[in-house]
Structures are given as C-alpha cells and as structure tokens.
1. Take B:Gly81 and tell me if it is assigned to a loop (DSSP other than H, G, I, E, B), touching a residue at least 40 places away in the same chain (Cβ under 8 Å) and either more than 14 Å from every other protein chain (Cβ to nearest Cβ) or surrounded by 24 or more Cβ atoms within 10 Å (Cβ to Cβ) (or both).
2. Under 8 Å by Cβ, and 6 or more places apart or on different chains, what pairs join a residue from the range A:59-85 that is within 9 Å of another protein chain (Cβ to nearest Cβ) with one that is small (Gly, Ala, Ser)?
3. Take B:Ala22 and decide whether it is closer than 28 Å to B:Asp218 by Cβ and in contact (Cβ under 8 Å) with a residue 24 or more places away in the chain.
4. Would you mind finding the one in A:Arg38, A:Arg23 that is touching a residue at least 24 places away in the same chain (Cβ under 8 Å), open to solvent by 60 Å² or more (accessible area, probe 1.4 Å), over 16 Å from A:Arg64 (Cα atoms) and out of contact with any His (no Cβ under 7 Å at 6 or more places or on another chain)?
5. Sort out which residues of the range B:90-118 are within 9 Å of another protein chain (Cβ to nearest Cβ) and touching a Pro at 6+ places or on another chain (Cβ under 7 Å), and write them in order of number.
6. Yes or no: B:Val74 at pLDDT 95 or above, crowded, with 16+ Cβ neighbours inside 10 Å and within 26 Å of B:Glu211 (Cα to Cα)?
7. I'm told B:Arg4 meets every condition in (1) within 14 Å of chain A (Cβ to nearest Cβ); (2) open to solvent by 40 Å² or more (accessible area, probe 1.4 Å); (3) not polar (S, T, N, Q) except one. Can you identify the failing condition by its number?
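The values are calculated or read from the model by the stated rules, or taken from the named source; none is laboratory data. Source: prediction; values computed, not measured. Here the Cβ positions follow ideal geometry from the backbone for every residue, glycine too, while neighbour counts run over all protein chains shown. Only protein heavy atoms, including side chains, enter the accessible area calculation; ligands, DNA and RNA are left aside. Shrake-Rupley method; radii C 1.70, N 1.55, O 1.52, S 1.80 Å.
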Amino acid sequence: MYLARVYVTLKPTVNDPQGLTIRGALHSLGFADVESVRAGKYLEVSLAAKSRAQAEKQLAEMCRKLLANPVIEDYRFELEELVST
Amino acid sequence: MPLRFAVVVFPGTWSDHDTQYALSGVLGQEADLVWHRERDLSRYDVVVLPGGFSYGDYLRAGAIGRFSPVMEAVAAHAEVGKPLIGICNGFQLLCEAHLLPGALMRNDSLQYRCVWVHMRVENAETPFTLACQPGQVLRIPISHGEGRYVADEETLAELESSGRVAFRYCSAEGEVTAEANPNGSMNDIAGIINDGGNVLGLMPHPERACEPLMGSEDGLALWLSLLEWAKVRA
C-alpha cells in the first residue's frame with residue numbers, strides 16, 4: 001500500500017487572485033514580511049500498487065489526466081510506502 | 001424541418017430546461033434532454049452542453065464531467081463538423097476536454113457574478129453568429145464563479161489572428177473596457193470557436209435571453225444563426 005501526497009500548483013505565469021487576496025489579508029493581520037502567496041491544491045491518494053515504480057507510473061498518469069490541468073497547473077507528488085501492522 | 005438538438009444533462013447541470021425551453025418552446029425546434037451516460041449522438045444536428053455544476057465542479061469546473069461516457073460521442077459529433085455549443089459549464093467542459101484551447105479560472109473578483117453583461121460579435125461568419133452584424137452588441141446574462149478565460153500567449157495570438165474570438169465583453173455602446181469585463185478574462189474574451197469553426201464555447205447564457213419577459217431577446221441571435229446556417233447548408 002502506498003500513500004501519495006499530491007501537490008497541484010498554478011503555473012508561475014498564471015494570475016492568482018486568491019493568492020493575492022490571501023496576501024492582502026496576511027498584510028492586514030500584520031505579517032508585513034509576506035511577499036507573495038500562491039494558492040494550490042493538496043490531495044492524498046492511497047493505492048494498492050504492486051511496486052513503487054507502478055505506483056509512480058499510475059500517479060503521473062492520474063495527475064496528467066485528471067488531478068491537474070496542464071494548461072494552468074503543475075504537479076508533483078511524494079510517495080510513501082505504508083507498512084501494514 | 002426543425003433541427004434536432006441534444007441538450008446534454010450531467011449530474012449537477014442546471015440550465016438544461018432553460019435551454020430546452022428556448023429551443024423548443026420559443027423556437028419550435030426539437031430539443032431532447034440527453035443523460036450523460038448516452039453514447040450515441042449521431043441522430044442530432046446540434047449538441048449543446050448547458051450551464052450548471054457538473055459533478056459539483058469538484059477539483060476544477062468540468063474536470064470530472066469531461067470523462068462522462070457522453071463526451072466521446074460529443075467529440076465524435078464535433079469531429080464530423082456538426083455544431084457544438086458549450087455554455088458556461090459547457091464551455092468549461094469543452095476546455096477540459098481539449099475540444100477548445102485554454103482554461104476557465106476563478107473570476108478575478110473572487111465573486112460569483114450573476115449579472116447582465118454586453119458582448120460584441122467579433123466574428124459574424126460562424127454558424128453561431130451568421131444572423132448577427134459584425135460588431136453587434138448583445139445583452140445577455142452571465143452566472144458563474146469561474147469564467148476567467150486564460151490561455152498562453154501563443155494560443156491567444158492564434159485565436160486573435162484567426163478570428164476565433166467569437167464574442168468579447170464590452171459596454172452597452174460596444175466599447176471594450178476593463179469595467180465591462182465581468183471576470184478578468186484575458187483579452188476580454190467571452191466566447192471562442194475551435195479551428196474548424198463548428199465548436200463554440202461561451203460563458204454568457206443565450207438561452208436565458210430569448211423572450212421579452214426574460215429581459216432581453218438578444219440570445220435568440222445565436223440560435224437563429226444556427227437555423228440559418230442549417231438552411232444555407234441544406
């Protein structure tokens with residue numbers, strides 16, 4: 001069993017009004033050091049793949065097909081093998 | 001002979017009956033509501049993907065609906081050159097399905113906007129705008145939270161140079177201004193067509209402006225264009 005932590009982030013060129021608004025809120029809370037905020041998505045996917053290589057291959061395909069939109073988003077993921085007890 | 005329209009219904013679609021009413025109630029055409037599990041649309045002349053929130057807009061608007069069984073039939077319909085319109089959520093679905101370029105993102109206001117807007121006909125030679133004058137201003141409502149059209153510079157340049165921007169947000173007088181753009185769309189884009197010219201995606205709702213009682217009849221122009229297009233082709 002594997003647990004994938006998937007991070008979907010906006011491409012650097014894409015305007016992010018959510019991030020800008022959050023930055024504004026942080027500034028008004030007194031976090032004057034904040035320079036920028038980009039909002040993205042975080043997903044946890046657990047899967048019963050036979051090997052790490054297979055899990056990675058499936059994850060990449062999931063990201064490409066559905067989890068991220070390649071027009072506006074990038075993705076990366078971390079894979080952890082879950083040891084059953 | 002009336003045209004046969006398929007109005008595709010996904011779980012969460014909400015403008016299906018409005019669209020059916022405009023097409024059959026107002027215009028006397030045949031308009032079937034077609035469930036998203038349908039795999040054959042070959043008997044229809046025109047396919048409409050209406051507005052709403054397919055699959056709750058989870059993940060991204062249109063991201064999950066675009067894998068519905070019907071979408072292969074929708075692509076096949078477009079492939080043979082028949083007219084396909086995506087309105088609002090339908091536009092989002094067409095972009096997610098790569099039948100149209102670009103993507104629709106959260107409005108720059110971060111607000112859901114349900115207002116009347118004006119859009120200018122930028123290309124009056126598409127099957128969807130034949131009955132319009134170039135530069136004609138249509139008053140049509142929008143109702144969306146994710147309608148900000150985004151594409152890379154190359155795609156935008158391509159759309160602009162090949163007349164594929166069908167509609168642009170504008171003032172009542174037809175001027176393209178920042179104030180007239182309700183969602184922050186790049187180049188004030190309200191609707192685009194594919195390179196074949198038979199697939200249109202737009203955020204405004206022409207089906208909701210088809211009778212004086214609705215506040216505007218300007219939406220009829222799109223449907224009347226399709227009827228004219230069909231007549232010319234027959």
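1. yes
2. A:Leu66/B:Ala63; A:Asn69/B:Ala63; A:Asn69/B:Ala103; A:Val71/B:Gly102; A:Val71/B:Ala103; A:Val71/B:Ala151; A:Ile72/B:Ala103; A:Glu73/A:Gly40
3. yes
4. A:Arg38
5. Of everything in the range B:90-118, those that are within 9 Å of another protein chain (Cβ to nearest Cβ) and touching a Pro at 6+ places or on another chain (Cβ under 7 Å) turn out to be B:Arg106, B:Asp108, B:Leu110.
6. Spelling it out, it is not the case that B:Val74 is at pLDDT 95 or above, crowded, with 16+ Cβ neighbours inside 10 Å and within 26 Å of B:Glu211 (Cα to Cα).
7. Condition (1) is where B:Arg4 drops out.
Results for (1) out of contact with any strand residue (DSSP E or B) (no Cβ under 6 Å at 6 or more places or on another chain); (2) among the hydrophobic types (A, V, I, L, M, F, W, C), shown as yes or no for each residue.
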| residue | (1), (2) |
| --- | --- |
| B:Cys132 | no, yes |
| B:His144 | yes, no |
| B:Ser162 | yes, no |
| B:Gly184 | no, no |
| B:Asn194 | yes, no |
